[in-house]
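A short write-up of the structure that comes next.
The values are calculated or read from the model by the stated rules, or taken from the named source; none is laboratory data. Quantities reported herein were computed from a predicted structural model and do not represent experimental measurements. Cβ sites come from the backbone with ideal geometry, for glycine too, and all protein chains shown count toward neighbours. Calculation scope for accessible area: heavy atoms of the full protein, side chains included, ligands and nucleic acids excluded. Shrake-Rupley method; radii C 1.70, N 1.55, O 1.52, S 1.80 Å.
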Amino acid sequence: MSGIVTQDSDCFLYGARIVYRNFNASENGSVDVYCMESIEKNLKIGRNKMIALSLLCGCDYDEKGVTGIGKDTAIKFLQLINDDVVLDR
């Protein structure tokens, strides 16, 4: 599976489908694998909702986010909105 090796999960916001984190090339090499397909299936959020999530909770683009909104609240809210219109709202 091809993907991106990085510590920055913002790659999903730019369209990455697979991210490899904590890459260790030692003899017993290990890596954590994150797949957008699993995120979409388990959390019911697509790329647009991930962008909205980062803006609500704070990110590289807006460090503060919305005061009082945490990850769990934001995800519950975003699950109520269609991915194709979430950024318009």
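Give all pairs with beta carbons closer than 7 Å in which a residue from segment 1-18 that is within 11 Å of TYR34 (Cβ to Cβ) meets a residue that is open to solvent by less than 30 Å² (accessible area, probe 1.4 Å) and assigned to a loop (DSSP other than H, G, I, E, B); count only pairs at least 6 apart in sequence or on separate chains.
Correct list of pairs: GLY3/ALA16; ILE4/ALA16.
Which count do you get for residues in segment 19-36 that are hydroxyl-bearing (Ser, Thr, Tyr) and either touching a residue at least 24 places away in the same chain (Cβ under 8 Å) or closer than 13 Å to MET50 by Cβ (or both)?
So the answer is 1.
Could you tell me how many of the residues in segment 11-29 are buried (at least 16 other Cβ atoms within 10 Å of the Cβ) and part of a helix (DSSP H, G or I)?
The number of residues fulfilling the criteria is 3.
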